[in-house]
1. Among the listed residues A:Ala36, A:Ala25, which satisfies the condition of being more than 12 Å from every other protein chain (Cβ to nearest Cβ), in contact with a helix residue (DSSP H, G or I) (Cβ under 6 Å, 6 or more places away or on another chain) and not in a strand (DSSP E or B)?
2. Restricting to segment A:82-119, and then to whatever is of a type in the set (Asp, Glu) and in a loop (DSSP other than H, G, I, E, B), can you tell me which residue is nearest to B:Cys77 (Cα to Cα)?
3. Take the conditions within 14 Å of another protein chain (Cβ to nearest Cβ) and either under 30 Å from B:Lys127 (Cα atoms) or under 21 Å from the mean Cα position of the chain (by Cα) (or both) and apply them to B:Ala201. Does it pass?
4. Please work out which residue is surrounded by the fewest Cβ atoms within 10 Å (Cβ to Cβ), limiting yourself to segment B:58-85 and to residues that are of a type in the set (D, E, K, R) and part of a loop (DSSP other than H, G, I, E, B).
5. Check B:Val132, B:Val114 and return the single one that is out of contact with any Phe, Trp or Tyr (no Cβ under 7 Å at 6 or more places or on another chain) and more than 10 Å from every other protein chain (Cβ to nearest Cβ).
6. Just a yes or no: is a residue in segment A:66-80 surrounded by fewer than 21 Cβ atoms within 10 Å (Cβ to Cβ), within 14 Å of chain B (Cβ to nearest Cβ), among the hydrophobic types (A, V, I, L, M, F, W, C) and within 26 Å of B:Leu104 (Cβ to Cβ)?
7. Name, by its number, the condition in (1) buried (at least 20 other Cβ atoms within 10 Å of the Cβ); (2) within 13 Å of another protein chain (Cβ to nearest Cβ); (3) not polar (S, T, N, Q) that does not hold for A:Gly135.
8. Return only the number of the condition from (1) more than 12 Å from every other protein chain (Cβ to nearest Cβ); (2) surrounded by 24 or more Cβ atoms within 10 Å (Cβ to Cβ); (3) not acidic (Asp, Glu) that A:Gly15 does not satisfy.
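The values are calculated or read from the model by the stated rules, or taken from the named source; none is laboratory data. Since the model is a prediction, treat every value here as computed from it, not as a measurement. Don't worry about glycine lacking a Cβ; one is built from the backbone with ideal geometry, like all the others, and counts go over all protein chains shown.
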Amino acid sequence: MKNKVKEVVILSGKGGTGKTSLTAAFASLVPSLVLADCDVDGSDLHLVTSPTIIKHSPYIEGKVASVDPLKCTGCGLCDEACRFDSFKIEEDGTYQVIEYKCEGCGVCVHVCPENAINFDLRECGEWMVSETRFGPMVHAALLPAGENSGLLVTVVRNEARKIAQKGNYDLILIDGPPGIGCPVISSVTGTSAVILVTEPTVSGIHDLKRVAALADNFKVKAYIVVNRSTVNEQLTEEIEMLSEELGHKFVGTIPFDNKMVLAQLEGKSAIEFIAGDVKKSIERIWERIWQTL
Amino acid sequence: MKIAIASGKGGTGKTFVSSNLVRSYKKQVALLDCDVEEPNNSLFLKGDIVEQRRHAVLVPKLQSDLCDGCRVCQQVCEFNSIIVMGGKAMVFEDLCHSCGACTLMCPQKALYEVDHEIGTIVVRKSKNVAMVEGLLDVGKALAVPLIRKVKSYIKQFKDIPIIIDSPPGTSCPMVWTIESSDYVILVVESTAFGFHDFKIAINTVKDVNLPFGVVINKDGLGDDRVEKYCLKNNIPILARIPFSIEVATSYSKGDLLVEVDPVYQKIFEKLWEELINRVKSGAKDEK
């Protein structure tokens with residue numbers, strides 16, 4: 001029987017703490033893995049992995065309503081029934097759907113006495129399978145104002161799992177989205193561990209507590225990393241103590257270094273681009289995680 | 001005047017700009033924190049809580065004796081949040097989008113709607129700022145209903161400017177936050193990730209048909225790709241906020257920069273002037 005593939009997701013709560021940079025750095029340290037970019041409406045991992053796309057699929061999920069103006073009598077029942085405020089009245093008195101507000105629930109379709117409302121599948125984005133120098137990568141791009149980001153995360157993860165099982169990979173590393181809502185929940189369910197990367201700021205700590213509580217909700221163990229620790233050493237220490245209180249493992253700190261930004265601009269991971277303290281600290285963090293995974 | 005602060009990429013400084021912008025204003029101003037998954041403005045603005053209330057959405061509940069297992073509810077639900085098992089309907093509240101389709105369509109009238117709590121609305125007063133914050137409960141997936149509730153406070157602030165802090169990203173929570181604003185500020189950092197997400201955010205703002213301008217934050221940390229792009233595409237740069245490790249450290253402690261450094265007070269005062277002029281002139285050329 002095959003070993004179960006380990007899935008590890010990198011989350012942060014607060015945005016911009018270094019999830020993607022750390023994902024790429026860890027990927028440089030693992031001989032073979034599958035990458036999954038689940039930050040589907042801010043996907044940046046491809047900017048440092050230079051993927052060669054080998055498969056492209058449209059992401060069609062959910063539906064969107066639209067009114068046939070020739071059939072619409074302007075009775076307004078759709079507008080009354082819609083709880084998402086997504087109808088507007090045109091100059092000629094007919095109704096039309098504001099597409100970005102449409103939830104795709106279909107209530108208007110049921111109440112329209114004239115059968116004037118079309119209810120079509122909605123293209124929300126695309127997902128891709130690529131080859132990278134780190135291994136295969138599954139990534140996606142939600143269209144601007146796209147809906148159903150949580151389900152797209154599930155699509156990306158399922159594809160990554162298929163590739164991992166087929167190719168006998170033992171690790172899927174997931175670059176997660178910020179926040180704690182729907183795409184984060186889809187990213188964390190059923191994973192083996194969460195790596196929480198935070199920064200020593202009052203907002204970083206506030207958001208860390210919420211995302212750690214989310215990991216607890218799903219009974220997934222969490223590792224805590226402080227990025228840019230030198231910005232505030234005192235708060236870094238507080239986070240270390242907090243990790244213990246929360247019952248999660250504190251695995252290390254990464255000092256501030258603007259070469260992290262330069263690495264991004266060069267399309268390289270921090271491990272590939274930076275020598276010295278940053279590199280050593282990331283190596284140490286990964287070792288601590290990998291040993292106890 | 002309603003100004004939304006958005007970004008695409010997380011961590012570019014939306015909350016930094018929002019909190020300093022409202023504090024730098026010399027008169028009364030309102031701030032809506034719509035980043036309900038991770039609201040942070042109150043960490044910087046602090047202030048006293050004047051109102052706190054739970055917010056609930058409607059979800060269906062079954063009156064079991066009336067259900068005949070006909071499956072109409074299951075068929076009309078687009079979100080797989082109600083299914084018939086063992087001859088009776090079963091509701092999954094956390095998947096429900098509160099559209100009301102199942103309750104409306106149930107031929108037996110066996111469904112009625114009840115409150116399902118998803119988060120808290122907190123109203124604070126901090127010096128010149130009236131602040132409304134949404135705080136989504138941990139484990140709840142849908143942020144948009146709480147964002148809409150926060151935005152419903154707009155009508156309480158009739159004659160003062162309203163600053164609306166958006167969640168990161170460009171999907172539904174961000175779109176629901178910025179829609180119906182008079183102007184959108186995109187806070188950008190000129191890094192590879194920042195630039196990439198900035199371009200997606202521009203398309204989103206254009207989709208919603210709103211005028212927008214740019215604040216370059218952490219100026220000097222990356223390169224000049226954002227600057228060049230804005231010049232080439234006639235996107236106004238409203239302000240530049242220089243990066244320094246001192247600023248980062250001050251921010252990390254929860255300081256409001258405009259309160260500790262007059263240079264930054266000046267930067268934000270100038271940003272207000274830009275905003276007021278642009279909103280007054282209709283800002284049609286910036287859509």
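1. Details: A:Ala36 fails: not in a strand (DSSP E or B).
It is A:Ala25.
2. Residues of segment A:82-119 of a type in the set (Asp, Glu): A:85, A:90-92, A:99, A:103, A:114.
Within this subset, residues satisfying the condition of being in a loop (DSSP other than H, G, I, E, B) are A:85, A:90-92, A:103, A:114.
Values: A:Asp85: 19, A:Glu90: 29, A:Glu91: 32, A:Asp92: 32, A:Glu103: 12, A:Glu114: 21 Å.
Here the answer is A:Glu103.
3. Working: within 14 Å of another protein chain (Cβ to nearest Cβ): yes; either under 30 Å from B:Lys127 (Cα atoms) or under 21 Å from the mean Cα position of the chain (by Cα) (or both): yes.
Here the answer is yes, as B:Ala201 does meet what is asked.
4. So the first thing to find is which residues in segment B:58-85 are of a type in the set (D, E, K, R), and the list is B:61, B:65, B:68, B:71, B:78.
With the extra rule that they be part of a loop (DSSP other than H, G, I, E, B), the set shrinks to B:68, B:71, B:78.
Working: B:Asp68: 15, B:Arg71: 13, B:Glu78: 18.
Filtering first and then ranking leaves B:Arg71.
5. Details: B:Val132 fails: out of contact with any Phe, Trp or Tyr (no Cβ under 7 Å at 6 or more places or on another chain).
Going through B:Val132, B:Val114 in turn, the sole match is B:Val114.
6. Yes, there is a match, as at least one residue in segment A:66-80 is surrounded by fewer than 21 Cβ atoms within 10 Å (Cβ to Cβ), within 14 Å of chain B (Cβ to nearest Cβ), among the hydrophobic types (A, V, I, L, M, F, W, C) and within 26 Å of B:Leu104 (Cβ to Cβ).
7. Only one criterion in (1) buried (at least 20 other Cβ atoms within 10 Å of the Cβ); (2) within 13 Å of another protein chain (Cβ to nearest Cβ); (3) not polar (S, T, N, Q) is unmet by A:Gly135, namely (2).
8. (1)
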